[in-house]
Amino acid sequence: MSNKTRSNPLAELFVPGPKVKPDKQQLRRAASNYLGDFTVPGLAVLPQHERFFAELVTIYKGDGGRKEVLARLKSILAKGHDEIRNQFERGRAGEPMGAICVRQHAKLADGVIQAIFRLAFEQAYPLVNPTDSERVALVATGGYGRAELSPQSDIDLLFILPYKRTPVIEQGIEFILYMLWDLGLKVGQAVRGVDDCIRQAKADMTIRTNLLECRYLAGDIDLFGEFQARFDRDVVAGSSQAFITAKLRERDERYHQMGDTRYMLEPNVKNGLGALRDLHVLFWIAKYVHEVDQVHDLVGLGELSEAEAETFDRAQNFLWAVRAHLHYLTGRGEDRLTFDLQPEISRRLGYVDHGNTLGVERFMKHYFLVVKEVGALSRIITALYQEQAQNNPMTRIGRAIWSYSVDGFPVNGGWLRLPAAGHFRQQPVDMLRMFRVAQREQEQIHPEALQSMTRNLSVIGRKLRDDPEANAIFLEILTDPAAEATLALMNDTGVLGKFLPDWARIVAQMQYDMYHVYTVDEHTLRAVSILHKIAAGKLVDEYPLASRVIEQINSKRALFVAMLLHDIAKGRNGDHSVLGEKVALKLCPRLGLSEEETETVAWLIRWHLAMSQTALKRDLEDPKALDDFVGIVQSVERLRLLLVLTTADISAVGPDRWNSWKAGLLTRLFHITAQRLSPDDKMRPGLTASSAALAEFRDHLKDWPDARVEKFIETAPGGIWHAFEPQQLARLARLVATAEIENQSIAVDTQVERALGYTQVAVITRDRKGLFVGLAGAIAANGGSILDAKIFTFTNGLVLDVFAIQDLHGNAITSGDKLAKLSVSINRMLDNPAEVVKLIAPRREDLPARTEVFTVPPRVLIDNSASNQSTVVEINGRDRPGLLYDLGKVLTEEGLQISAAKVTTYGEKAIDVFYLRDAGGLKITHEARLDRIRERLLEAIIAGDTTAGRAGSYSATTRRQERGSLEPTNS
């Protein structure tokens, strides 16, 4: 226990020895000191206590009795809640409205509960000359004990008794609780004797914490004083280390439950990382160790700087305000800041669109910056307390024995420490060097050193940023396998943002959509981590191609720098790839990269989306698509670099963003491009099969007569040979042959491709108008989502449509019953197209309602230069079941042939790409017709989008689109 003077006078009044009569005024002041120096504005609806109680006594003794008292109290609570809410929502910028709101709610509850307590024991069950056993003290515990009561929070009460219940005390407590319940209050209560409180506090750390922050409300204040003295003497004394260990273990378990990241898209403002609970833990430990009742008391003790205490206050007020808005909006104790609530809360807090940044994005960036500050502050201070609690003679002896020095930094007690106070002001480069030494030696940096860094960030200026030694150290940190943890710590302390000012602009930067799970800085650090694991051969099963290719890369240092900087220009006004290239050209020489490395980094950043966009949005059977990509890449080394960077980039966007389907497309694009770039293979892939592919194809059809094999080869369209592996092609050949031999009007085959994460649906039939639309409708009606569609026309008039599909959760459809039902539906719907509309309708409601808050501006891009044979149409819109059917219906009605379709989703956003030809098999070139197609497709998108045109959201997104910052990216 600290030897410093207690701020709470209760322990001074109740210590072992002769019983001293406490000063009641002093006790009451101590009991309410959670309100600190902060003056809570009064509530007009709440009368002065004595007058209020006298009024209730009059009502209670009259004809109305209990019923009229309840009515009066309900009126007081309702008007009080309205008054608090009105004051809160009318608050001006700069006012601590979050603090005022929670304090006023606590004050309102205090007034009502104290009046009911007196009514119980002075009127209903009066205690006339009470015996020693007929004493009771009522105290607030939990958040209410801290005088923090959010609008929908529970009220936790503890009735303290001397040792056991007496009938009159029990009746009085029941009277109080039933009154509170009948008022509709959510009350958690406990009734315990002093001995029982002490016993349970010793056994249960949660109960101990609740009792640590209890606050006197009413009743026998001497009894409350006795309890507090016993609690300090019998529970707290000598147990700081155990308490700190327990609280930090609880914190770590909570972090794990919350996903071990503070950057969740829908964060929990109470229990999330860096949220209110972290502030509570800091306060609990401070109170337990130093016996303080306000965080600002730690400034006088030297534990916090004034700036850090102000950070605590600002963060707490902001989080209280956000939580109050959550409670008011939902009408319940909701602590999750969900997508559908974020825009309205941002509006209420005064965040407006600014430039190309939406108001809701500005709000969430502020939120993430706040929790980042809280997380860093909490981690450093709690670690300091933990060390102080362990500071006993034995540990001091152990530290002395195991003390040594590494590169000028002392290592003592398992911590890497500063050689002297003020060291960083004398040697600024040692901020970076300390991180590097800790990383290399696998040591932990002492919290005091981290705290010193945050307090001395001003020493990181242009001189240090241009220092070759500092930049060389930074590159060593980045290219070390333990880079993520070190960079994350540098980010938390603010060192990374000061050393790389462009990095500071992406800290806590979010994109308001369902695709990007993390903020830009968190995503980047995760991408660096994944890249290191790929390089170390730790992710061979997850990324077999990237793991093999990275071993052949010569420019590994450039790759790591490009990974760190690939999103460095996110959130700026323009294409972040182009702007990021400019940042790299300026920054890389400063970091010490060669001219060749700088050019490689800049190229990778400029084109870091090219591979994913080509694989996911272009038809890989189209030679023009490959020509364009090969023209960008130009060398095998660059292709390898781009593959590995793209793999790590997509994987770091969020859980399940990397899947077998994307892996398969990237793998195929890599191999095709590598073949084109290989100097020992001059063959240009055309529209015919290679001899090796034909040989393997024939090998899978050994049971066929040669004539049948040759007939298929002769009638098959050229593009089919590059669309499938020989084994898949042989399976499709059997389907075509069966349809011909058995004279089937339509044949359907389904194949689950588990390794690739999708189900292949192949349909062979004679061409007919609306074929693609009917098939897309049948798949949508059966809960399928189309990833890819290929259409092949044989010279004998047969048409083969091959779809890659998943369920709405992004998984292959594996159920035999569902696939059989799909086959039946395809047959039935092609015969009766009108049935499609009826069966799709129920599926249109399958998306979660809360995702409707996201709006995607509809966009139709028509490109006649992307393909030599087809007009390529890219359609952007909000994803929904049946979207591909709606779009295909328009194209069919326009008399267009669909030769291929690619579908990609980024959260709530769908990007559908069609390769189209007119009835004569040619590109569509007439401008008037292209304009009509564009308008009709836009109408189809908007007609089925329930969010289109929504006020205050769609217009802002459209403005951002027009500025070029809304990009269909994988990161």
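The values are calculated or read from the model by the stated rules, or taken from the named source; none is laboratory data. On a predicted model such as this, the values are computed, not experimentally measured, just so you know. A quick note on method: Cβ atoms are made from the backbone with ideal geometry, for glycine too, and the neighbour counts reach across all protein chains shown. The area values use the complete protein model at the heavy-atom level, side chains included, leaving out ligands, DNA and RNA. Shrake-Rupley method; radii C 1.70, N 1.55, O 1.52, S 1.80 Å.
Which of these values of Cα Rg over 2.2 N^0.38 Å was calculated from the structure shown: [x] 0.98; [y] 1.15; [z] 1.04? Answer label, from the structure shown: [y]. Think of a 1.4 Å ball rolled over the protein heavy atoms: segment 425-498 then has 42 Å² of accessible area per residue.
Which peptide among 135-143, 629-637, 156-164 comes first, and what is the full order, when sorted by highest mean count of other Cβ atoms within 10 Å?
Averaged packing, sorted descending, gives the order 135-143, 156-164, 629-637.
Probe radius 1.4 Å, ligands and nucleic acids left out: which of 671, 446, 354 has the largest accessible area, and how do the rest follow? Could you put the intermediate results ahead of the total?
Values: 671 90, 446 5, 354 125 Å².
I get 354, 671, 446, largest accessible area first.
Take residue 249: with every protein chain present and a 1.4 Å probe, its accessible area is about 130 Å².
Report relative contact order for segment 729-945 in percent, whole number only (criteria: Cα-Cα under 8 Å, sequence separation at least 6). Contact order relative to length: 18 percent. Here segment 729-945 exposes an accessible surface that is 49 percent carbon and sulfur, computed with a 1.4 Å probe and the other protein chains kept in place.
The residues of segment 22-236 expose, per residue, 43 Å² of accessible area to a 1.4 Å probe.
Going from most exposed to least, what order do 97, 434 have by accessible area with a 1.4 Å probe? Each step should come with its number before you reach the end.
Working: 97 25, 434 0 Å².
From most accessible down to least: 97, 434.
Under the convention that each Lys and Arg Cβ holds +1 and each Asp and Glu Cβ holds -1, the size of the dipole of the chain around its Cα centre is about 1180 debye. Between 70, 351, 565, whose Cα lies farthest towards the positive end of the dipole of the chain when Lys and Arg beta carbons carry +1 and Asp and Glu beta carbons carry -1, centred on the Cα centre? Projecting each Cα onto the dipole axis, the largest value belongs to 70.
Counting only protein heavy atoms and a 1.4 Å probe, segment 729-945 has 41 square angstrom of accessible area per residue.
Among rounded, prolate and oblate, which fits segment 729-945 when a ≥ b ≥ c are the square roots of the eigenvalues of its C-alpha gyration tensor, a/c under 1.5 means rounded, and a/b larger than b/c means prolate? In terms of gyration-tensor shape, oblate. Shown are 155, 713, whose ranking by accessible area with a 1.4 Å probe and every protein chain present, most to least, is 713, 155.
Ordering 540, 576, 712 by the projection of their Cα atoms onto the charge dipole of the chain, which places +1 on the Cβ of Lys and Arg and -1 on the Cβ of Asp and Glu, puts 576 at the extreme positive end.
Basic side chains Lys and Arg get +1 at the Cβ, acidic Asp and Glu get -1 at the Cβ, and with that the dipole of segment 22-236 about its Cα centre reaches some 280 debye.
With the alpha-carbon atoms of segment 22-236 aligned to their principal axes, the span from lowest to highest coordinate is 47, 47, 30 Å, starting with the largest.
Its relative contact order, with pairs defined as Cα atoms under 8 Å and 6+ residues apart, puts the chain at 8 percent. Counting only residues at least eight positions apart within a chain, or on another chain, the aspartates and glutamates with an alpha carbon under 14 Å from that of residue 818 are 749, 807. Go through 463/586; 624/790; 662/790; 556/617; 164/247; 270/372 and tell me which ones have a Cα-Cα distance over 20 Å in this structure. Correct reply: 556/617; 164/247.
For segment 22-236, carbon and sulfur atoms together expose 47% of the accessible surface, with a 1.4 angstrom probe and every protein chain in place.
If you take the Cα centroid of segment 480-542 and the Cα centroid of segment 254-294, the two points sit 23 Å apart. Counting only heavy atoms of the protein chains and using a 1.4 Å probe, residue 387 has close to 20 Å² of accessible surface. Toward the positive end of the charge dipole of the chain, with +1 on the Cβ of Lys and Arg and -1 on the Cβ of Asp and Glu, the farthest Cα among 898, 124, 928 is that of 124.
The protection proxy used here, the mean number of other Cβ atoms lying within 10 Å of each residue, ranks peptides 518-530, 862-874 as follows, highest first: 518-530, 862-874.
Note on segment 205-289: the alpha carbon radius of gyration divided by the globular reference 2.2 N^0.38 Å gives 1.31. Is it possible to state the helix-based mean residue ellipticity at 222 nm for the chain, with each DSSP H run of 4+ residues giving -39500 (n - 2.57), the sum divided by total residues, to the nearest 500 deg cm²/dmol? What is it? Result for the chain, helices only: -16500 deg cm²/dmol. Among the protein heavy atoms of segment 241-391, carbon and sulfur supply 47% of the accessible surface, probe 1.4 Å, non-protein parts ignored. A Cβ-based charge dipole, computed about the Cα centre of segment 425-498 with Lys and Arg at +1 and Asp and Glu at -1, lands at about 380 debye. Here the peptides 99-105, 739-745 are ranked by packing, the mean other Cβ count within 10 Å, and the order with the highest first is 99-105, 739-745. For segment 22-236, give me the percentage of DSSP beta bridges that are antiparallel, rounded to the nearest 5 percent. So the antiparallel bridges amount to about 55 percent of the total.
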